[in-house]
Ligand SMILES: Nc1ncnc2c1ncn2[C@@H]1O[C@H](COP(=O)(O)OP(=O)(O)OP(=O)(O)O)[C@@H](O)[C@H]1O
Ligand SMILES: [Mg+2]
C-alpha cells in the first residue's frame, strides 16, 4: 500500500497514510505551532489526556496538559522543555515529568519533542508521549525490594558480627581457662611430687637403712638373712617406682638442669624403651638459655605427647628433635619417618589440641606438616624468647 509514493508527499493518499499511521500507534502524538497551540493530535494521545481530538485542537498545550510539576507547583512556560527545545531547534527526551488530564489528575509521562521544520525555519514541534505509570511503579517496587534486601543484608551482617564477636570472646575465655587449668594441674603435680618425695621417699630410705642394719646383725642366720635380702629387694623396687612416679609428676631434671637437658634425657629414655633411633640437636647458644618455669614445663609436656604419639601411631624407625634460634625466636622441630597422617584443618583430638593450646598460651604457633607415607614434622615457634 506504500508503493509508488515517490514525490507524492502532498498527495491525498499520502496524507491518508500518515493519518492512518498516527491513529494506529499506541503512543500519544501531537503537534504544536510556534505559539504552542495544538495543530494535530492522534486518538491515542487525546484518550490518554481524557479528551477527544477535537476538544484539544487549537488549545495551548502547555497550559492544558503541562502546566504543573508532579508536586503541583506551577511550571512557567519558559521552563517547559518542549518549548525550550523547539525554540533552540533541538530535540529533547524527558521521563521525569507529569502530564495533566482533563479531570485534574496527572500521570508520569515519557515524552520526546522534535522541531517541525519548513525548510530552514522551525514552525512548531511534534511531541510523542506515553503514560509510564506502570514502568515507574515497577521501578519503585524494584527499588523498594532492593532497599529491603539491603536492609536485611545490613541487619544480618550486624547480627553475624555480634555472633562472631561473642564466639571470639568465648573462644578466648575457653583458651584462658585451658591455660589456667594446665598451670593448676602442673602446680598440683608439683605439690604431690613434693609430698611423695618428702614423706614416702624419706620413709622408704629410713626403712632401707634399718633393714641394712638388721641384715648385718643377722649375718650368721642364713634363714632370717635370706628373708631380709628379699625384703631389701622389695624396698629397692618400691624406691625405683617412687622415682619413676616422681619423674612423671614433675621431672626434677627440669628444675635442676633446665629444659634442654630434660629433653635430651626424655629422648634417651624413649630410645631405650622404644628401640627407635633418636637424635637430639641443640645449638650451644640455646643450651645456655632458660625460658621460665611455665614455658619449660609446657614444652616438655608437648614433646612428651609427640613421643607418645610416635610410639603409638607412627611405626617409625627414627625420631629427630632439633632446637634452633632465628634471631630471638625459638624453633623446635620434632620429626619422625613413620607412616604419616592426614593433618586435620582444626584438630579435635585431645593430644594435638592440647599441644596447640599450650603453644598458643605461650604466644607461639604450632604447625603439623605431614601426609600419608611421609612421616610427621611438628614445628613449634616461640617468638622473642631468646635473651
Ligand atoms: N607421629 C604420628 N604419626 C602418625 N599418626 C599420628 C602421629 N601423631 C598423631 N597421629 C594421628 O593423629 C591422631 C590424633 O593424635 P592425638 O594425639 O590428638 O590423639 P591420640 O594420640 O589418638 O589420643 P590421645 O593423645 O588423646 O590419647 C592420632 O590418632 C593418629 O591417628
Ligand atoms: Mg596422643
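What to note about this one:
- Each part reduced to its alpha carbon centroid, the stretch 112-177 and the stretch 345-367 end up 47 Å apart.
- Overall form of the stretch 29-79 per C-alpha gyration tensor (a/c, 1.5; a/b vs b/c): oblate
- Of all DSSP beta bridges confined to the chain, the antiparallel ones make up roughly 90%.
- GNM result for the chain, Cα springs below 10 Å: residue of 254, 207, 268 fluctuating most strongly: 207
- On Cα atoms only, tilt of 133-195 relative to the major axis of the chain in degrees: 10 degrees
- Whole-number D in µm²/s for the chain (Stokes-Einstein; Kirkwood sum over Cα pairs; 25 °C, 0.890 mPa s): 79 µm²/s
- Between 0 and 90°, nearest 10: helix 202-217 axis offset from the chain longest Cα axis: 20 degrees
- Overall form of the stretch 12-131 per C-alpha gyration tensor (a/c, 1.5; a/b vs b/c): oblate
- DSSP-defined antiparallel bridges as percent of all bridges, the stretch 254-382, nearest 5: 80 percent
- Cα centroid separation - the stretch 9-74 against the stretch 184-231, whole Å: 122 Å
- Listed residues 171, 130, 309, most fluctuating in the chain (Gaussian network, C-alpha, under 10 Å): 130
- Cut-off 12 Å, label 7 Å out along Cα→Cβ of residue 132, residues of the stretch 75-104 by amide N: 93-99
- Helical content of the chain, expressed as a calculated mean residue ellipticity at 222 nm, amounts to -16500 deg cm²/dmol (DSSP H runs of 4 or more residues, -39,500 (n - 2.57) each, divided by residue number, nearest 500).
- Global form of the stretch 254-382, assessed from the alpha-carbon gyration tensor, a/c cut-off 1.5: oblate
- Just checking the listed ones, 263, 99, 352: in the Gaussian network model of the chain with Cα springs under 10 Å, the one fluctuating most is 99.
- The order of 136, 374, 151, 35, going from fewest to most other C-beta atoms within 10 Å of their C-beta, is 35, 151, 374, 136.
- Between helix 12-24 and the chain: long-axis angle, C-alpha atoms, 0 to 90°, nearest 10: 40 degrees
All of the numbers you see were taken from the coordinates with simple rules; none came from a lab. The structure presented is a predicted model; accordingly, all values stated were derived computationally and were not measured. So basically every Cβ, Gly included, is an ideal-geometry build from the backbone, and we count neighbours across all protein chains shown.
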